[in-house]
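Just so you know, all these numbers are worked out from the coordinates, no wet-lab data involved. These figures come from a predicted structure and were not determined experimentally. All Cβ positions, glycine included, derive from the backbone under ideal geometry; neighbour counts span all protein chains shown.
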Amino acid sequence: MTVLETKQLTKIYGGKNESNITHALNGINIKVESGEFIGIMGPSGSGKTTLLNILGGIDKPSSGNIKIMDKNIEALSKDELATFRRKNLGFIFQDFNLMDSLTLKENVMLPMVLDKIKPPIMEEKAKEIMEFFEIYDIRDKYPYNVSGGQMQRTAASRALVNNPAVVLADEPTGNLDSKSSNNVMSCFCKMNEQRNSTIIMVTHDTFAASFCKRIIFIKDGSINIEIVRKGDRQKFFNEILDCQAVIGGGMTNI
Ligand SMILES: Nc1ncnc2c1ncn2[C@@H]1O[C@H](COP(=O)(O)OP(=O)(O)O)[C@@H](O)[C@H]1O
Ligand SMILES: [Mg+2]
């Protein structure tokens, strides 16, 4: 089943004067099937964040369209979009975006509070997902009293608690040391394999990317190369490095 599809997405930033214009995206076509785990890579400034923000309805494209679960999201009103995002999308950010004044469990329950879910059901769902990520025993701690990896697993729990159609992650390991990165990426694999979550992750971290099943490399706002993982993770890691070397070397579209 196709969960997300974009057609000829473009994004132009800037003013009336041609010299101030940035073509951040130049006709991106992506099709994502249920259960995929996709990495988006590319040099700094290539349009990764712009793309992810448009996929998540945080930003609007200049032209083209995005279908998520058969809905054209660029056509939704602001209110419709807010509801659609809460029900269908999960977000994980580099800096976790947890609320410091709430416990880990309260952070996980927050999307359900906004959806007015009954408290016993909220408790049950939070317990289930926090046990899955092995953070239920620290549920009453506050974000500043736990490690970066535990914070990111809390953010992942919050993103998954509504069973979203797609999880969007922007540099989820960007603020983590290598041990925590490994731990968080193992959790991403677990959610992809055991809960069949569809994940789209922007990263410049080759190690994190090696956990994905498919990588889309973008350069200058266009899809440059795409690779699919066939063998083990170490082999994929080396393939990703090769692609990065090619793109970094200034090759034009393939
Ligand atoms: N709000 C904005 N206004 C103007 N230009 C922007 C804005 N956001 C991003 N850009 C430009 O669009 C291009 C792509 O940026 P971005 O998507 O952030 O790249 P990446 O995440 O790959 O580093 C860059 O040239 C950047 O300077
Ligand atoms: Mg970025």
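So if each residue of separation counts as 0.36 nm, and I subtract the Cα-Cα distance between S77 and C189, what length gain in nm does that give?
36.9 nm
Going by C-beta contacts inside 10 Å, put L168, L241 in order with the fewest on the left.
Exposure proxy ranking, most exposed first: L241, L168.
At R0 = 25 Å, how high is the FRET efficiency between N29 and M1 if r is their beta carbon distance? Nearest 0.05 is fine.
Efficiency for this residue pair is about 0.85.
I'd like to know which of Q150, M122, Y136 lies farthest towards the positive end of the charge dipole of the stretch 91-168, counting +1 on Cβ of Lys and Arg and -1 on Cβ of Asp and Glu.
M122
Order the peptides 116-123, 193-200, 207-214 from the highest to the lowest mean number of other Cβ atoms within 10 Å of their residues.
Highest mean packing first, the order is 207-214, 193-200, 116-123.
Set the Förster radius R0 to 22 Å, insert the Cβ-Cβ distance between V146 and N97 as r into 1/(1 + (r/R0)^6), and round the FRET efficiency to 0.05.
Calculated value: 0.90.
Counting only other residues whose beta carbon sits under 15 Å from that of K235, what net charge do I get with K and R as +1, D and E as -1?
Its environment carries a net charge of +2.
Dipole size in debye (nearest 20) for the stretch 39-119 around its Cα centre, Lys and Arg Cβ +1, Asp and Glu Cβ -1?
I would put it at about 220 debye.
When the chain is fully extended, how far beyond the present Cα-Cα distance does N238 get from Y13, taking 0.36 nm per residue of separation?
77.5 nm
What is the magnitude of the charge dipole of the chain about its Cα centre, with +1 placed on the Cβ of each Lys and Arg, -1 on the Cβ of each Asp and Glu, and no other charges, expressed in debye to the nearest 20?
Charge dipole, the chain, about its Cα centre: 380 debye, nearest 20.
Any chance you could run the full-extension gain for E123 through K87? It's 0.36 nm times the residue separation minus the Cα-Cα distance, nm to one decimal.
11.1 nm
Roughly what would the spin-label model give for K213 and S62, points 7 Å off Cα along C-beta, in nm?
That separation, rounded to one decimal, is 3.4 nm.
Just need the relative contact order of the chain here, percent rounded to a whole number, with Cα pairs under 8 Å and 6+ apart.
26
Taking only Cα atoms, what is the 0 to 90° angle, nearest 10, from helix 148-160's long axis to the longest principal axis of the chain?
With rounding to tens, the tilt is 90 degrees.
Taking the mean number of other Cβ atoms within 10 Å as a proxy for protection, how do you rank 98-107, 43-52 from highest to lowest?
Ranked from most to least packed, the peptides come out as 43-52, 98-107.
Peptides 28-37, 14-23: what's the order by average Cβ count within 10 Å, highest mean first?
28-37, 14-23
Which value in nm describes the separation of the simple spin-label points at E226 and L114, placed 7 Å from the Cα toward the beta carbon?
Modelled inter-label distance: 3.1 nm.
Work from the charge dipole of the chain (Cβ charges, +1 for Lys and Arg, -1 for Asp and Glu, about the Cα centre) and give the residue of I225, A75, T50 farthest towards its positive end.
A75
When Lys and Arg each count +1 and Asp and Glu each count -1, what net charge do the other residues less than 11 Å away from L4, Cβ to Cβ, add up to?
-1
Rounded to whole Å, give me the distance from the Cα center of the stretch 137-186 to that of the stretch 190-254.
When both Cα centres are located, 21 Å separates them.
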